[in-house]
Every structure is written in C-alpha cells, then in structure tokens.
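Here is the structure we will look at.
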Amino acid sequence: MKQVSIRPARPDDRTMLESLQWRASLSNPGDRDALLANPDAIALPIEQIAEGCVFVAERDGVVAGFAAVVPRPDGGAELDALFVEPHLWKQGIGRRLVDEIAEVARVREASFLHVIGNPHAEGFYLSCGFCVTGTIETRFGVGLAMRRPL
C-alpha cells in the first residue's frame, strides 16, 4: 500500500476539498439527484478549517480524502465530513481518517464520536467501530445515527 499521511487542512485547501466532496458524493448513485437539486449541501465551512477541525489524507503527497470533526454540546464529537476520492475507495484511506478523527476527538476530551451515516455506508462505519443508535430524518432522507466510544 502506498504511504498515507494525514495533516490539518489549510485555508487554501478549501476549494480543492469541496471539489473532492462533489466527486465523491456524485459517485454514489443514490445521492446524485438530491445533491444536484441541493448544490449548497457541498460546502466546507472555512471556520472548520481555521479552527483545526478538518484533516486531509495525502497518499504519496497527493490529496486522497478529508474528514472534519466538530464538538457536540453533549460531550461528544461529530464526524461532520468524510470523503475519499472515488478511485481510491476501499484502500483504507477512509478508515485512516476515521481513526485520526477519533484520536483528535479523544485528545479534545470527547467521550464518543457520532456520525449521521448514509445507509449505504453502514457496513463501513460498523467496521470502524460505530454502532447504530437510531435513525434521523435529513433533507436527503433517513440517515443512521451512529456512535463510537472513545
């Protein structure tokens, strides 16, 4: 496997990361129509980058994916974004990002990591140590509320 490193995102990464998010999101046929009807859904808040909440995975120096973690008022942390270049799916990059985000959240004293998962990604999140705690209605349909203890 090629070398994957993870670093904090920089403000000048934002446009590139949003483009990556588009590519990854549109590669899932179940999300395509809803995303095309709601292009505002693809936005990476610059505040998340400035506050050190966004992390970029690079494989051999090339951006391969990114993830964001934000604090929750209940003492947990939210995996707010997780996107990997579609041609690099199933190569361990998403898992590396989840593990990095979990460690960041733990260091920031969160007791758990929460995610609203797309049902098609349930198997991935279960394999990363999350469990389903319920469902939640989103503007794109039903999402899975999932939690991983830290």
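The values are calculated or read from the model by the stated rules, or taken from the named source; none is laboratory data. Since the model is a prediction, treat every value here as computed from it, not as a measurement. Counting neighbours? That spans all protein chains shown, and the Cβs are built from the backbone with ideal geometry, glycine included.
In the list VAL142, VAL132, which residue meets the criterion of being loosely packed, with under 15 Cβ neighbours inside 10 Å, at pLDDT 95 or above, in contact with a strand residue (DSSP E or B) (Cβ under 9 Å, 6 or more places away or on another chain) and not in a loop (DSSP other than H, G, I, E, B)?
Criteria check complete, one pass: VAL132.
Among the numbered criteria (1) in contact with a strand residue (DSSP E or B) (Cβ under 7 Å, 6 or more places away or on another chain); (2) under 20 Å from GLY143 (Cα atoms); (3) in a helix (DSSP H, G or I); (4) not basic (Lys, Arg), which single criterion is violated by HIS114?
(3)
For ASP33, indicate whether it is without any contact (Cβ under 8 Å) to a residue 12 or more places away in the chain and either under 21 Å from GLU103 (Cβ atoms) or among the hydrophobic types (A, V, I, L, M, F, W, C) (or both).
No, not satisfied.
Within region 45-67, is even one residue under 20 Å from CYS131 (Cα atoms) and either β-branched (Val, Ile, Thr) or in contact with a Leu (Cβ under 8 Å, 6 or more places away or on another chain) (or both)?
Yes, because at least one residue in region 45-67 is under 20 Å from CYS131 (Cα atoms) and either β-branched (Val, Ile, Thr) or in contact with a Leu (Cβ under 8 Å, 6 or more places away or on another chain) (or both).
Kindly establish whether LEU82 is among the aliphatic types (A, V, I, L, M) and either loosely packed, with under 13 Cβ neighbours inside 10 Å or without any contact (Cβ under 8 Å) to a residue 12 or more places away in the chain (or both).
No.
Just for region 56-79: of the residues that are touching a residue at least 12 places away in the same chain (Cβ under 8 Å) and among the acidic types (Asp, Glu), which one is nearest to THR138 (Cα to Cα)?
Ranking the qualifying residues of region 56-79, first place goes to GLU78.
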